[in-house]
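A.B. asks: Structure provided below as structure tokens; questions to follow.
The values are calculated or read from the model by the stated rules, or taken from the named source; none is laboratory data. No experiment lies behind these values; they were computed from the predicted model shown. All Cβ positions, even for glycine, are placed from backbone atoms using ideal geometry, and neighbour counts span all protein chains on display. These area figures cover heavy atoms from the full protein model, side chains too; ligands, DNA and RNA do not enter into them. Shrake-Rupley method; radii C 1.70, N 1.55, O 1.52, S 1.80 Å.
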Amino acid sequence: MAFGASQPSSSPQLPLQVRWIGKVHDDLSLAMLYSAADVTVVPSRQENLPQVATEAQACGCPVVAFACTGLPDAVLHQRTGYLARAYDLDDLAHGLRWLLDDQDRRRSLGTAARERAVRLWCPEVVARQYVEAYRQATAKPTTERLRET
């Protein structure tokens, strides 16, 4: 299935059936789509921390992506998904087959992806990190504190 955009007027010829979902307007529907998918492919060439990859993994869906830009921060190669050599479409296809051909592997990576996503990106964890960053940013340097006493 493909979502986020409407079906193109000239659909690409792929060796598998594609269901075009279109734009998704709410978080619950998006989570259901990720959860129903066997794998999420993120063929991005420029990303900082790709939200599609983190969202998919939070829903227990392993990710296949290029090993470039921020994707290696989001996906652990052969642990939460597959990172293909940058811009190598054959390797991207290999990673997709590697996941789709082994249901147990796919489930195992999906479970690991979910566990990692909760550990790193759940709101409580991220909020604590922000609080600590703000605390450090507003703390006076030690030498400045000593001068005030």
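A.B. asks: Hey, can you grab everything whose amide H is under 5 Å from the amide H of Val63? Only 5+ residues off in sequence or another chain; H modelled, so Pro and N-termini drop out.
C.D. replies: Result for Val63 returns Thr40, Gly81, Tyr82.
A.B. asks: Output the 0 to 90 degree angle, nearest 10, between the alpha-carbon long axis of helix 27-36 and the longest principal axis computed from the alpha carbons of the chain.
C.D. replies: 50 degrees
A.B. asks: When the accessible area of the stretch 61-137 is split by element with a 1.4 Å probe, what percent falls to carbon and sulfur?
C.D. replies: That fraction is 52 percent.
A.B. asks: For the stretch 1-112, just say rounded, prolate or oblate: build the C-alpha gyration tensor, square-root its eigenvalues into a ≥ b ≥ c, call rounded for a/c under 1.5, and beyond that prolate if a/b exceeds b/c, oblate if not.
C.D. replies: Rounded, since a/c falls under 1.5.
A.B. asks: Sticking with this structure for a sec: Would you mind working out the accessible area per residue for the stretch 20-123, using a 1.4 Å probe, and quoting it in Å²?
C.D. replies: 56 Å²
A.B. asks: On to the next question. Once phi is turned into ³J(HN,Hα) by the Karplus curve 6.51 cos²θ - 1.76 cosθ + 1.60 with θ = phi - 60°, what whole-Hz value does each residue of the stretch 63-80 show in order, with x for glycine and proline?
C.D. replies: 10, 10, 7, 7, 7, 8, 6, x, 5, x, 6, 9, 10, 9, 4, 6, 10, 10
A.B. asks: Dipole size in debye (nearest 20) for the stretch 1-85 around its Cα centre, Lys and Arg Cβ +1, Asp and Glu Cβ -1?
C.D. replies: 280 debye
A.B. asks: Taking only Cα atoms, what is the 0 to 90° angle, nearest 10, from helix 103-121's long axis to the longest principal axis of the chain?
C.D. replies: Taking the Cα atoms of the chain, the angle to 103-121 is about 20 degrees.
A.B. asks: If packing is taken as the average count of other Cβ atoms within 10 Å, what order do 78-86, 133-141, 120-128 fall into, highest mean first?
C.D. replies: Per-residue mean Cβ counts within 10 Å order the peptides as 78-86, 120-128, 133-141.
A.B. asks: Between the helical axis of 123-138 and the dominant principal axis of the chain, each derived from Cα atoms, what acute angle in degrees is found, rounded to the nearest 10?
C.D. replies: 40 degrees
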